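A short reminder: the numbers here are calculations on the coordinates, not readings from a lab. Everything quoted here is computed from the prediction, not taken from an experiment. Positions of Cβ are generated from backbone atoms using ideal geometry, with glycine treated the same way; all protein chains shown enter the neighbour counts.
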């Protein structure tokens, strides 16, 4: 998380964009409206580090700053969640995570 934030601001990207999009991955929580199993799958997909890392690599290879900005914000969000104890969800209940029971 800290590395993503440092790289983001060191590159001179807009602070307001990071503030605006920092909680965007939590929209995946809306999957719980379809039940715990679907909710866990959608939430976990939005909080898996592989996707923002792939987006960052794509942004670097194609020299696409938008992809890199979004990837860094996404990684910062995931890191922030892990730092406060929010882990990937189990399909049993939204409070059951791989880190702890919330």
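At-a-glance table
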| quantity | calculated |
| --- | --- |
| Whole-number percent relative contact order across the chain, with pairs defined as alpha carbons under 8 Å at least 6 apart | 31 |
| The chain: angle of helix 65-83 to the longest principal axis, Cα-based, in degrees nearest 10 | 40 |
| Gain on full stretching of the segment that runs from residue 20 to residue 34 - 0.36 nm per residue minus C-alpha separation | 2.4 nm |
| Separation in nanometres of the label points that stand 7 Å from Cα toward Cβ, at residue 3 and residue 54 | 2.0 |
| Contact order relative to length of the stretch 15-74, as percent, for alpha carbon pairs under 8 angstrom and 6 or more apart | 27 |
| Likely footprinting exposure, 69, 95, fewest C-beta neighbours within 10 Å first | 95, 69 |
| Computed helical MRE - 222 nm, the chain, DSSP H runs ≥ 4 contributing -39500 (n - 2.57), nearest 500 | -18000 deg cm²/dmol |
| Inter-centroid distance (Cα atoms) of the stretch 1-27 relative to the stretch 56-75, Å | 11 |
| For 51, 9, order by how many other beta-carbon atoms lie within 10 Å, fewest first | 9, 51 |
| 93, 77 arranged by Cβ crowding within 10 Å, fewest neighbours leading | 93, 77 |
| Computed lengthening from residue 45 to residue 10, 0.36 nm per intervening residue step minus Cα-Cα distance | 9.8 nm |
